[in-house]
1. Restricting to Cα pairs below 8 Å that are 6+ residues apart, what does the relative contact order work out to for the range 126-187? Please round to a whole percent.
2. How much of the accessible area of the range 123-199, probe 1.4 Å, is carbon plus sulfur, in whole percent?
3. For the range 70-203, what is the relative contact order in percent, using Cα pairs closer than 8 Å and at least 6 residues apart in sequence?
4. Under a cut-off of 25 Å between alpha-carbon atoms, report the lysines in cross-link reach of LYS138, not counting same-chain residues fewer than 8 places apart.
5. 7 Å from Cα along Cα→Cβ at both ALA102 and TYR185: what's the point-to-point distance in nm?
6. Roll a 1.4 Å probe over the protein chains and send me the accessible area per residue for the chain in Å².
7. Would you mind calculating the relative contact order of the range 25-148 from Cα pairs under 8 angstrom and at least 6 residues apart, reporting the percent as a whole number?
8. Toward the positive end of the charge dipole of the range 90-174, about the Cα centre and with charges on Cβ (Lys, Arg +1; Asp, Glu -1), which of LEU132, ALA169, HIS142 goes farthest?
Amino acid sequence: MPRDYGLSTTGDLPVSVHVPGYRLRRQVGEDSLGLWFDAEQRSLERNVTLKLLRPQYEMHEGARGAFLAEMERLAPLAHPNVLRVLDSVREGTLALVTERFAPPTLENLLEGRKPLEKARALVTARGIARGLAYLQSKGLAHKNLTPRLVQILDDGEPRLATFRNVLPAAGLGALKGRLVQDANYVAPEQVGGDDPIGPRTPV
């Protein structure tokens, strides 16, 4: 996330759904549980990112439970380098509303394989580290940290996408031996070996 799916109008959306108070504009990403949309919160005329539970899981008790658990896990988070939850819809179609997550991302800045200017690289690295440290202080970890999931704000500060990418830190152990992200960014101890998975793994 974000990835432009080329969907620009309401009529082009891959799902037919009405979320009270919000206007969905285009799909910008997805994960195993949900579809992510660029949207507008009508009451405040505010641009947001809205995640919907995938339509095929609407009647799936386990998926709905996992989506609700994700809401509960992410809602209390408040840090300038972590995507913040603004609202949730718990009746009918489940939806999670966050601050808008949109380009540019760190992936965009690294296109062409050109290194970042030193000062910008330091600001970016420091912000990512602060975001990860904050998650760790809450007993959480970012399991899938790649440049695509780091938004760069107007002031140059990075913001980490959350959604399914954040899980209880204790759950990292269950990922041992599994490749859940781009192989260029995965921690060696996550995919194998004797070294334990721990707080350093997301870093």
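1. Values: 60 pairs, mean separation 23.4, N = 62.
Over the range 126-187, the number comes to 38 percent.
2. Details: 1840 of 3660 Å².
C and S fraction of accessible area: 50 percent.
3. 24
4. LYS51, LYS176
5. Here the modelled spin labels are 2.1 nm apart.
6. Working: 10590 Å² over 203 residues.
Result: 52 Å² per residue.
7. On the way: 141 pairs, mean separation 22.8, N = 124.
Relative contact order, the range 25-148: 18 percent.
8. Of the listed residues, the answer is ALA169.
The values are calculated or read from the model by the stated rules, or taken from the named source; none is laboratory data. Please read these numbers as outputs of a predicted model, since none were measured by experiment. Positions of Cβ are generated from backbone atoms using ideal geometry, with glycine treated the same way; all protein chains shown enter the neighbour counts. Ligands, DNA and RNA are excluded from the accessible area calculation, which covers all protein heavy atoms including side chains. Shrake-Rupley method; radii C 1.70, N 1.55, O 1.52, S 1.80 Å.
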